[in-house]
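Below is one structure, written out as C-alpha cells; comments come after it.
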There are 2 protein chains.
Amino acid sequence: MSLQQLSSQKVFGGHQVRYQHESAVLNCTMQFAVYLPPQVELGQPLPVLYWLSGLTCTDENFMQKAGALKVAAELGLVIVAPDTSPRGAGVPDDPEGAWDFGLGAGFYVNATQAPWAEHYQMYDYVTAELPALIEKNLPVSDKRSISGHSMGGHGALIAALREPERYQSVSAFAPICQPTQCPWGEKALSNYLGSLRETWVEWDASALMAQATQHRPMLIDQGDADNFLVEQLKPAALEDAAARAQYPLTLRMQPGYDHSYYFIASFIDEHLRFHAQALSAAQ
Amino acid sequence: MSLQQLSSQKVFGGHQVRYQHESAVLNCTMQFAVYLPPQVELGQPLPVLYWLSGLTCTDENFMQKAGALKVAAELGLVIVAPDTSPRGAGVPDDPEGAWDFGLGAGFYVNATQAPWAEHYQMYDYVTAELPALIEKNLPVSDKRSISGHSMGGHGALIAALREPERYQSVSAFAPICQPTQCPWGEKALSNYLGSLRETWVEWDASALMAQATQHRPMLIDQGDADNFLVEQLKPAALEDAAARAQYPLTLRMQPGYDHSYYFIASFIDEHLRFHAQALSAAQ
C-alpha cells in the first residue's frame with residue numbers, strides 16, 4: 001500500500017495534505033486529508049485524531065470549515081479526515097440518489113448484503129486499514145483518538161465502544177446515538193445489513209454502551225436547536241445506557257446551537273484539548 | 001430600505017445571520033452575511049469590519065472558511081461579508097461564463113459602460129449603500145474598518161485610499177495591488193470602464209497610493225507560494241508607491257503560503273486584532 005500526494009497547503013505553520021490510495025478493504029481508490037502540524041519537523045512521532053464526517057461530506061469539509069487547525073498546530077496533533085463512503089464508478093449508490101444512503105453515507109459499518117458488501121466496509125477502513133497505512137507512511141505514533149459529527153459522531157462512538165484498545169479518547173458533535181431506532185439509521189442498516197434487526201445492534205452506540213466494560217474518556221456536544229435532535233440523534237438513549245453501565249460520559253447540551261459546522265467550530269478547540277490530554281497521558 | 005432575514009446560526013455565542021435586501025445602487029436583490037458577536041446583547045453599538053471576498057466567492061465563503069469568528073466574538077467585532085457582484089436573472093455575465101469577470105467578479109468598481117453600468121456599481125454598494133443600511137438596521141456604530149482577499153483585497157485597499165475618512169484601518173490578504181497592469185484587472189477594467197486607461201487609475205491601489213496624503217493603518221499579508229503572485233498581484237508596485245508617498249504600510253511576505261483560505265485562516269486573527277485596536281482608538 002502506498003500513498004500518492006494530491007496537494008499540500010501550508011496552514012498555521014503546518015500542512016494540510018490530501019492523499020489518494022488504493023483501498024483493499026473498500027475495493028476502490030480513496031482520498032483522505034491529513035493535517036500535519038509544524039511539530040512534525042521535530043522528528044518525534046505525533047498522536048493522531050481521526051475525524052469522521054457526516055452525511056454528504058468528503059475528506060475536505062472538516063479541514064475547510066471546522067476552524068480546528070490553529071489549536072491542532074498549537075497542540076502538535078495530527079488530524080486525519082477520511083471520506084464518508086467508498087467512491088468511484090463501480091461503487092453502487094442509493095437507487096434514487098438520496099443523500100442519506102450510499103455515496104457519502106457509508107455509516108461506518110461493514111455491509112453484509114449485496115450489492116453493498118463488495119465496497120461498503122467503512123468500519124474496517126477507518127478503524128484498521130487507514131490507521132495502518134498512516135502509521136506506516138506518516139510521522140505518527142500509534143496513539144489515536146477519534147471524533148466525528150452526526151453520522152461521523154455515530155462512527156466515532158461505535159469505534160471506541162467496540163474497540164476501546166485502539167483509542168485513548170472519543171468525542172462527538174451531534175452524533176446519531178441510536179441508529180437502530182431512527183429513520184437515517186434504519187434505512188442504512190436495513191440496506192447494508194439486511195432486515196434482521198439482531199445484526200444491527202453491534203453498530204448501535206446506545207446498545208454497545210449498555211455492554212461496555214472498558215471505559216475511555218468520552219465527550220459529546222449537542223445543540224438544542226438542532227433540527228435533527230428528536231427524530232434522528234436521540235442522545236438521551238446513550239445517556240441512559242451510560243448511566244446503567246456506569247460509563248463516564250460527559251454530554252453537554254449547548255443552548256441555541258444547530259447541526260452545522262458553525263456549531264462544530266464553536267466547540268472544536270475544547271474537543272482537541274480533551275483529546276490531547278488523553279493522548280499525552282498515554283505517551 | 002429594509003432587511004429580510006434569511007437565516008441565523010449561533011456560533012461562538014453570537015450569530016451568523018444572512019440577510020436579503022433590495023439594492024437601489026445595484027438595481028437588484030442582494031444577500032449579505034453578518035456576524036453579530038455576543039456583545040450585541042450589552043446594548044452598546046459595535047464597530048464593523050467589512051470583508052470583501054475574492055473572485056467566484058459569495059457572502060458565505062468567509063464566514064465558513066476563514067476561522068475568524070472566535071476572535072471576532074472575543075473582540076466584540078461585527079463582521080459584514082457582502083457578495084462579490086450584483087446578482088439575479090437580469091444581471092449580465094461574462095459572455096463566455098468565465099469566472100474572472102461578471103457574476104462573482106464585480107471588482108468593486110463603478111462601471112460606466114453598457115451593459116455593465118446598469119448593475120455593476122459595487123464600489124458605491126460596499127462603501128456607501130450597504131454601510132448605511134447596516135448602520136440603520138443593526139446594532140452597530142459608524143466606526144468601520146475594511147479587509148479582503150485577492151480581488152477583495154484590491155477592493156479594501158482602494159476603498160481606504162479613496163475615502164480614508166470612512167475607515168479606521170485597512171488590511172488585505174494577497175490583494176491585486178495594480179489592476180491596471182495585470183490580466184485580471186485589465187479584463188475587468190476595460191469592460192467595466194472602457195478602453196481609456198486614464199479612467200482606470202482611480203481604481204488602482206498602487207496609483208492611488210502614490211497620491212495618498214491621509215494615512216490609515218494598513219496591513220497586508222502575501223504568501224510567497226501564491227501561484228498568482230507574479231502575474232496578478234504585484235505587491236512590489238504598492239510597496240514602491242507607499243515608499244514614495246511615505247505611507248506607513250506593513251507588508252509581510254509569508255513563506256510557503258498559497259492563495260487559499262488556509263492562508264487567510266492562518267493570519268486572520270492578527271488582522272482582526274489589528275483592526276480592533278484601530279477601531280477602539282477611534283471610539
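Can you list the chymotrypsin sites (Phe, Trp or Tyr not before Pro) in region A:138-241 that are in a DSSP coil and have 15 or fewer other beta carbons within 10 angstrom?
none
Quick one: label points 7 angstrom along Cα→Cβ at A:Gly97, distances to the other copies in nm, smallest first?
Going from nearest to farthest copy, the values are 1.7 nm.
Can you tell which of A:Ser141, A:Ser206, A:Ser150 shows the greatest fluctuation in a Gaussian network model of chain A with Cα springs below 10 Å?
With Cα springs under 10 Å in chain A, the top fluctuation among A:Ser141, A:Ser206, A:Ser150 is at A:Ser141.
Round to the nearest 10 and report in Å² the accessible area of A:Leu251, as given by a 1.4 Å probe over the protein chains' heavy atoms.
Here the accessible area works out near 40 Å².
In the protein assembly as shown, if every C-alpha pair distance is counted and binned at 10 Å from zero, what percent goes to each bin?
Binned Cα distances yield the sequence 4, 17, 25, 23, 17, 10, 3, 0.
Separation between the A:Glu41 and B:Glu163 pseudo-spin-labels, each 7 Å from Cα along Cα→Cβ, expressed in nm?
4.3
How far, in whole Å, is the nearest Cβ of chain A from the axis relating it by rotation to chain B, and which residue carries it?
With distances in whole Å, chain A gives A:Gly67, 2.
At 7 angstrom along the Cα-to-beta-carbon line, where would the label on A:Ala243 sit relative to the other copies? Give the distances in nm, shortest first.
7.1
What does the average come to when, for each residue of peptide A:56-64, you count the partner chain Cβ atoms lying within 10 Å of its Cβ?
On the way: counts 0, 0, 0, 0, 0, 1, 0, 2, 8.
For peptide A:56-64, the averaged partner shielding equals 1.
Using the charge dipole of region B:183-283 (Lys, Arg: +1 at Cβ; Asp, Glu: -1 at Cβ; taken about the Cα centre), state which of B:Ala245, B:Ile268, B:Thr213 has its Cα farthest towards the positive end.
B:Thr213
Looking only at other chains, what is the average number of their beta-carbon atoms within 10 angstrom of each beta-carbon in A:4-15?
Per residue, the number of nearby Cβ atoms from other chains is 4 on average.
Cβ under 13 Å from A:Val126's Cβ, A:Val126 left aside: what net charge do those residues give with Lys, Arg +1 and Asp, Glu -1?
The answer is -2.
Show that you can apply the helix-only estimate: for chain A, add -39,500 (n - 2.57) for every DSSP H stretch of four or more residues, divide by all residues, and state [θ] at 222 nm to the nearest 500.
After summing the helix terms and dividing by residue count, I get -8500 deg cm²/dmol.
Between copies, how far apart are the B:Glu135 label points? List them in nm, one decimal, shortest first, with each point 7 Å from Cα toward Cβ, please?
Nearest first, the other copies' label points are 6.1 nm away.
From the Cα gyration tensor of region A:118-277, with a ≥ b ≥ c the square roots of its eigenvalues, which class applies: rounded if a/c is under 1.5, or else prolate if a/b is larger than b/c, or else oblate? Intermediate results must be reported in sequence, preceding the final value.
On the way: a/c = 1.40, a/b = 1.06, b/c = 1.32.
Since a/c stays below 1.5, the shape of region A:118-277 is classed as rounded.
Give the total of Lys-Lys pairs in the protein assembly as shown with Cα-Cα distances below 26 Å; include a pair only if its members are 8 or more places apart or on different chains.
Lysine pairs meeting the criterion: 28.
Averaging over all projection directions, find the projected area of the Cα convex hull of region B:114-174 and quote it in nm² with one decimal place.
Across all orientations, region B:114-174 yields a mean hull projection of 4.8 nm².
Which length gain, in nm to one decimal place, applies between B:Thr56 and B:Glu96 when the Cα-Cα distance is subtracted from 0.36 nm times their residue separation? Let's see the in-between values first.
Details: separation 40, 0.36 × 40 = 14.40 nm, distance 1.48 nm.
Result for the pair: 12.9 nm of gain on full extension.
First select every other residue whose beta carbon is under 15 angstrom from the beta carbon of A:Ser266; then total the charges, Lys and Arg +1, Asp and Glu -1. Walk me through the intermediate numbers first.
Details: positive: A:Lys65, A:Lys70, A:Arg252, A:Arg273, B:Lys10, B:Lys70; negative: A:Asp221, A:Asp224, A:Asp226, A:Asp258, A:Asp269, A:Glu270, B:Glu74.
Value of the local net charge: -1.
Quick one: if you stick a label point 7 Å off each Cα along the C-beta vector at B:His215 and A:Ala114, how many nm between them?
In this crude spin-label approximation the distance works out to 7.8 nm.
If you count, for every residue in B:248-257, the Cβ atoms of partner chains within 10 Å of its Cβ, what is the mean?
Taking all residues of B:248-257 together, the mean is 1.
P(r) for region A:1-63, please, calculated from all Cα pair distances in 10 Å bins and given in %.
19, 47, 30, 4
The values are calculated or read from the model by the stated rules, or taken from the named source; none is laboratory data. Nothing here was measured: the structure is a model prediction, and the numbers come from that model. Methodologically, a virtual Cβ is constructed for each residue, glycine included, from the backbone with ideal geometry; neighbour enumeration extends over all protein chains shown. We work out accessible area using only protein heavy atoms, side chains counted, and drop any ligands, DNA or RNA first. Shrake-Rupley method; radii C 1.70, N 1.55, O 1.52, S 1.80 Å.
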